[in-house]
1. Only loop residues by DSSP count here, and only those with at most 10 other Cβ atoms within 10 Å; note down the GluC sites (Glu not before Pro) in segment 59-127 that meet that.
2. For the chain, what % of the accessible area comes from carbon and sulfur atoms, probe 1.4 Å?
3. What's the angle, to the nearest 10 degrees (0 to 90), between helix 107-123's Cα axis and the longest principal axis of the chain?
4. Give the residue list of chymotrypsin sites (Phe, Trp or Tyr not before Pro) in segment 47-155 that are DSSP loop and have at most 15 other beta-carbon atoms within 10 angstrom.
5. Can you tell me, using C-alpha contacts under 8 Å and at least 6 residues apart, the relative contact order of segment 1-108 as a whole percent?
6. At 1.4 Å probe radius, can you tell me the per residue accessible area of the chain in Å²?
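The values are calculated or read from the model by the stated rules, or taken from the named source; none is laboratory data. None of the values given here were measured: they were computed from a predicted structure. Because the Cβ atoms are built from the backbone with ideal geometry, glycine has one as well, and the counts that use them run over all protein chains shown. Areas reflect the complete protein model, heavy atoms only, side chains present, ligands, DNA and RNA absent. Shrake-Rupley method; radii C 1.70, N 1.55, O 1.52, S 1.80 Å.
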Amino acid sequence: LWMGQGDYGEAWRLLDQAWALQAEARARDEWMTLRLRGYLATAQGDLDRACDSYQQALACAQRIEDSFAQALLEERLGEVYLEMGDLTMAASLLQKSLSAFRSAGAGEYEALSLYHLGRALARFGKQPAATRVFGEGLSLAQQLGYYKQAEQIQEALRSLAPNAGNGVRR
């Protein structure tokens with residue numbers, strides 16, 4: 001319409017706006033698809049492929065400045081790095097996701113990040129810090145009624161008990 005009326009400036013502005021909206025929609029679809037590819041690769045035990053998919057998805061989420069998507073992907077990447085044994089990278093990503101989830105008031109995801117961060121701290125040999133983080137995650141999961149998460153965290157806490165390696169449970 002604007003082009004037909006000779007207002008090429010307005011026509012360009014609207015066309016550029018439409019292009020930007022399409023690019024954002026494509027990036028949003030892309031990060032979600034890449035996240036699903038990461039889930040699938042993780043389920044198959046292909047951690048390298050999962051890591052690659054999550055990193056690509058994170059780049060898309062950063063491009064469109066979707067902070068919640070970034071936090072979700074940082075949490076997933078942190079978990080993958082934890083499984084791969086890169087504790088420093090895992091802890092860094094999990095700390096970032098935890099901070100973002102707290103800011104967003106996303107308790108379920110906050111509890112999940114606390115669980116994985118506690119696992120990373122335990123693997124670092126930082127049992128007191130891991131116990132504190134697990135306790136915080138357990139309290140939050142119970143408060144929110146996420147009982148499956150609470151059970152996971154309780155199991156992780158039991159594994160930190162001094163006699164856990166001897167088959168004795170407290």
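1. On the way: sites: E65, E74, E75, E79, E83, E108, E110; in loops: E65.
Passing sites in segment 59-127 are E65.
2. Values: 5150 of 9870 Å².
Ligands and nucleic acids excluded, carbon and sulfur give 52 percent.
3. For 107-123 against the chain, the angle is about 50 degrees.
4. Values: sites: Y54, F68, Y81, F101, Y109, Y115, F124, F134, Y146, Y147; in loops: F124, Y146.
Those that pass, being in a loop and sparsely packed, are F124.
5. So the answer I get is 18 percent.
6. Working: 9870 Å² over 170 residues.
With the other protein chains kept in place, the chain gives 58 Å² per residue.
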